[in-house]
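> Before I ask anything, let me first share the structure, which is written out below as structure tokens.
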Amino acid sequence: MNHFLDVSDYSPAEIQDMLNLAVRLKQEYFAGGNSPLFKGKVLALIFQKPSLRTRVSFDMAMRHMGGDALYLSPSEIGLGKREAISDISRVLSGYVHGMMARVFDHAHIVELAKWSSVPVINGLSDYSHPCQAMADALTIQEKFGNLKGLTVTYVGDGNNVAVSLMHIAVMLGANFRIANPEGYDMPALAQEIGANLAAQSGAQISYLRDPHEAVKDAHVIYTDTWTSMGQEEETAKREAVFPPYQVNADLVREADKDAIVMHCLPAHRNHELTDDVADGPHSVIFPQAHNRLHAQKAVLARLFGVA
Ligand code: CP
Ligand code: NVA
């Protein structure tokens, strides 16, 4: 069974191929609409946490291509609480053609996939956010042609979004730098996988503490919230540690003059990203959010085996 749990489960050629399909589906959509390749298919959208982009972009991706989506809220199915994940997975497999799930514990998406006889997509876990990474790579590609030889810099918490961004960036030949405070490093497993992927593509990865050093001449500056969903009790502590990692106009000036500024959203404006930068000439945050739709159509088409 094909699932989409992490970009690193795929080869760089397969990821590039899905991105090429995303480009084609985006062109087709704006040229009058997508063909109904998902006709008769229903995707279950399972959420343990809130969402705007992931929920709406998956729902609309299914509708644009002739299919349907079914939203299951955090309180509805009680993943692992009301019912064992292995049972939920086997029951849903008989009703729907695919499942997208947003979970707290990455082990839960792995468990869902283990028992499912239909494709399972990771719509964000505490470890990774591969659908975001696909949209990010599509956005970078649209600006620079491809990722080879670019410098992609992430400033902030070594979180789920950072992990998937690092993996896709080095898979596609970009050098990746991260600047984060001590105590907020990426998980060791993500670093190990990143090192293997970088060795294959010849990309460099730099783990830094100084955001100024990290953004020097970078083509992409990326940031995300300092406090991810599920870490709310750490908010005060994090708000004290992270301000030197704010992406503001002074920091952006140190990057390449044509650098783009990215954020997966939701943004905490004037915390990790200042208003002037978010709404300024370097920002691509809204095209980036819109690309979730096109990138996910490609992922779904591949998993359904229809393109
Ligand atoms: N970027 C992202 O996944 O947004 P949502 O949490 O709104 O889905
Ligand atoms: N790192 C954030 C991303 C939200 C899309 C979180 O996990 O809350």
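The values are calculated or read from the model by the stated rules, or taken from the named source; none is laboratory data. Treat the numbers as computed from the prediction; the structure is a model and nothing was measured. Neighbour counts run over all protein chains shown; Cβ positions are idealised from the backbone, glycine included. The accessibility values were calculated without ligands, DNA or RNA, using every heavy atom of the protein model including side chains. Shrake-Rupley method; radii C 1.70, N 1.55, O 1.52, S 1.80 Å.
> Could you check how many percent of all C-alpha pairs in segment 1-130 are farther apart than 18 Å?
Values: 4627 of 8385 pairs.
The calculated P(r) of segment 1-130 puts 55 percent of pairs beyond 18 Å.
> Amide H neighbours of Y222 under 5 Å, at least 5 residues apart or on other chains, H built in the peptide plane: list them.
When sequence neighbours closer than 5 places are left aside, the close amide H contacts are T153, Y154, V155, M262.
> Just by accessible area at a 1.4 angstrom probe, what is the order of F144, F38 from largest to smallest?
Numbers: F144 60, F38 0 Å².
Of F144, F38, the descending order of accessible area is F144, F38.
> At a Förster distance of 25 Å, what's the computed FRET efficiency of E28 paired with Y71, Cβ-Cβ distance as r, to 0.05? Intermediate values should be presented prior to the final figure.
Numbers: r = 26 Å, r/R0 = 1.03.
Given R0 = 25 Å and the Cβ-Cβ separation, E is 0.45.
> Starting from 0 in steps of 5 Å, tell me what percent of the Cα-Cα pairs of segment 83-201 lands in each bin.
The percentages, shortest bin first, are 2, 11, 18, 20, 16, 13, 10, 7, 3, 0.
> While we're on this one: Once you order the gyration tensor axes a ≥ b ≥ c over the Cα atoms, which shape class does segment 148-307 get: rounded for a/c under 1.5, otherwise prolate or oblate by comparing a/b with b/c? Don't skip to the end; give the middle numbers.
Values: a/c = 1.32, a/b = 1.26, b/c = 1.05.
Judged from the Cα gyration tensor, segment 148-307 comes out rounded (a/c under 1.5).
> So, taking all protein chains as they sit and a 1.4 Å probe, how much accessible area belongs to R53, in Å² rounded to tens?
Only protein atoms counted, so the area is about 50 Å².
> So how tilted is helix 285-304 from the main axis of the chain? Cα-based, degrees 0 to 90, rounded to 10.
Around 40 degrees separate the two axes.
> Oh, and also: Return the distance in nm (one decimal) between the two label points of a simple spin-label model at K148 and S86, each offset 7 Å from Cα along Cα→Cβ.
Between K148 and S86, the label points sit 4.7 nm apart.
> Could you calculate the FRET efficiency of Q204 with N2 from 1/(1 + (r/R0)^6), where r is the beta carbon distance between them and R0 is 22 Å, rounded to 0.05?
Values: r = 31 Å, r/R0 = 1.42.
Calculated transfer efficiency: 0.10.
> Round to the nearest 10 and report in Å² the accessible area of I85, as given by a 1.4 Å probe over the protein chains' heavy atoms.
Per-residue accessible area (I85): approximately 10 Å².
> Another question about this same structure. Under the Karplus relation 6.51 cos²θ - 1.76 cosθ + 1.60, θ = phi - 60°, what is the ordered set of whole-Hz ³J(HN,Hα) values for segment 110-120, x standing for Gly and Pro?
5, 5, 4, 5, 4, 9, 8, 9, 10, x, 10
> Within the chain, what whole-number % of the accessible surface is contributed by carbon and sulfur, with the 1.4 Å probe and all protein chains included in the calculation? Provide the component values of the computation, followed by the final result.
Working: 6620 of 12600 Å².
Heavy-atom surface of the chain belonging to carbon and sulfur, 1.4 Å probe: 53 percent.
> I'd like the antiparallel share, as a percent to the nearest 5, of DSSP beta bridges with both residues in the chain.
Values: 0 of 34 bridges.
Antiparallel: roughly 0 percent of the beta bridges in the chain.
> Further question: Could you work out how far helix 130-144 tilts from the main Cα principal axis of the chain, as a 0 to 90 degree angle to the nearest 10?
Once rounded, the angle reads 50 degrees.
> Starting from the Kirkwood Rh over alpha-carbon pairs, what translational D in µm² s⁻¹ does the chain have by Stokes-Einstein at 25 °C and 0.890 mPa s?
Numbers: Rh = 19.5 Å.
D, rounded to a whole number, is 126 µm²/s.
> For segment 68-131, just say rounded, prolate or oblate: build the C-alpha gyration tensor, square-root its eigenvalues into a ≥ b ≥ c, call rounded for a/c under 1.5, and beyond that prolate if a/b exceeds b/c, oblate if not. Let's see the in-between values first.
Values: a/c = 1.33, a/b = 1.17, b/c = 1.14.
In terms of gyration-tensor shape, rounded.
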